[in-house]
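The values are calculated or read from the model by the stated rules, or taken from the named source; none is laboratory data. On a predicted model such as this, the values are computed, not experimentally measured, just so you know. No Cβ is skipped: glycine too gets one built from the backbone with ideal geometry, and neighbour counts run over all protein chains shown. Ligands, DNA and RNA are stripped out before the accessible areas are found, and what is left, the full protein with its side chains, is counted by its heavy atoms. Shrake-Rupley method; radii C 1.70, N 1.55, O 1.52, S 1.80 Å.
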Amino acid sequence: QKKKLLEELGENRLPYMTPDDADFHQLWKTKYSKLIFRKSDTVPEELHQMVQEGFLTLQKHDCFFRDLVRIKGKDFLTPVSRILIGNPGCTYKYLNTRLFTVPWPTEGYDLKYCSPQIHDACKALIRLNDYLHIEAVKALQGQNLFETKEIKDTTVIDREQIFATPLTEKGSVSKDQSSCCVPDDDYISIKNRTSYNLTLLNYMDPLQMLYLKQEPYFGMGNMAVSWHHDENLVERSTVAVYSYSCEGSAMEESNEQKLTGRDPAVWHVGLKVAWDIKTPGLAIPLHQGDLYLMLDDLNMTHQHCVLAGFSPRFSSTHRVADCSRGTLEYIFGQCELALQNLQTDSDSMALSLKSLETAVIKQVEEIHNEVEFEWLRQFWFQGKRYLKCTDWWLKPMAKLEEFWRKMEIMTSLVLSEVGKEEQIEEQRNETISCFLLVLTERQKLRKEWTAR
């Protein structure tokens, strides 16, 4: 799609708007209405202080890392350095790389951090998470109210009367609206789509980067993060982003002359309608402490990028990660399921398999692969770095390795069973052909991971 779009464009560039353009708010209202923006002065000062100190603490303790990600079979180091903080036992996968949360302080968990400062930084981020959750609920309720009202009224209401004007107005949805009755099902749905379980923190100093990609469609300049949809999220969940650019007086709107397009000294978030060549894009400046919310299906229908300014910048991107296959609870459950097929003789203590049914063997061997390639190798590939914050993951990883060793025994037990004379040929062939598929995949992945 990208190639086709660039071919269609040739040497031309698509139009885009910034707040300086006359039709900017009209474009926002009609094509990007599910992007909500809050200027920094709408956020409590105490929260700014806690969060910004937290960012600097994590940086001082060298807790930000560039990820080695895999795109179309090749490995790349991300230009942005990251750390994942969130619910204990949660993981987040993007571009074939699984990140493991540094747990934020959570009741009922015994969490030890490498220093009290790291504990405080994680605590600041869970405070920000709670704040952004409330803001997202209010924003979604505001949108819902607007949409029902618009259906009832034949006159089209100016959306800015219903909820905060994107860049100019300070507040969020007015109190009387946010407390309006929302049907229970809607309320549960809104809660589920805004209950962030983790945040992916980003840091980049553009002046330390030898090379940054140029934005290809609009000519917006240097990109810190290319155009993308956020992946591995619960469907139609909100993404909330808090931005902290370390602006000095020299950085502030450094260009005296009137620029066409965006000021290259200032960080911006860019938005476009996915794979659309007709709708102009948006470039919205991000200053110290600004935040924005991508509501509902905006992350699916649109793409966003981050355009680098001159100063270093942190961001905290809060997500409702789809953890259906990405928590410790899930993978331990899978292991227990697989090990139900292993039995120990009470006299000789010899191990054997309860069932040689093809479906059972296939399921066990697939779980074996999942434990090895989605968890153990992903963790140890770049997992030692988490020890700068906490050793929380070491115990569960040791437990997973123990399960994995038992599954290795189960694999060899299958091999010895199919080698026995008394096996019925037809059954043996069926077992071998299904078993061979999973083993071939394992061999291929082991080679790939060794190369990585």
Write out, first by first residue and then by second, each pair whose Cβ atoms fall under 8 Å of each other, whose residues are 6+ apart or on separate chains, and whose first residue, in the range 60-82, is buried (at least 17 other Cβ atoms within 10 Å of the Cβ) while the second is aromatic (Phe, Trp, Tyr).
-> PHE64/TYR203; VAL80/TYR203; SER81/PHE64; SER81/PHE65; SER81/TYR203; ARG82/PHE64; ARG82/PHE65; ARG82/TYR203
Give me a count of the residues in the range 85-110 that are of a type outside the set (Ser, Thr, Tyr), within 11 Å of CYS122 (Cβ to Cβ) and within 15 Å of the chain's Cα centre (by Cα).
-> 3
Taking GLU107, is it open to solvent by 20 Å² or more (accessible area, probe 1.4 Å) and at pLDDT below 90?
-> no
Of all residues in the range 13-51 being among the polar types (S, T, N, Q) and open to solvent by less than 30 Å² (accessible area, probe 1.4 Å), which is nearest to SER237 (Cα to Cα)?
-> SER33
Just to be sure, is TYR113 of a type outside the set (Lys, Arg), in contact with a Cys (Cβ under 8 Å, 6 or more places away or on another chain) and not in a strand (DSSP E or B)?
-> yes
Considering residues that are in contact with a Cys (Cβ under 6 Å, 6 or more places away or on another chain) and in a strand (DSSP E or B), the number found within the range 93-110 is 1
Got at least one residue in the range 360-381 being loosely packed, with under 14 Cβ neighbours inside 10 Å, under 27 Å from GLY89 (Cα atoms) and hydrophobic (A, V, I, L, M, F, W, C)?
-> yes
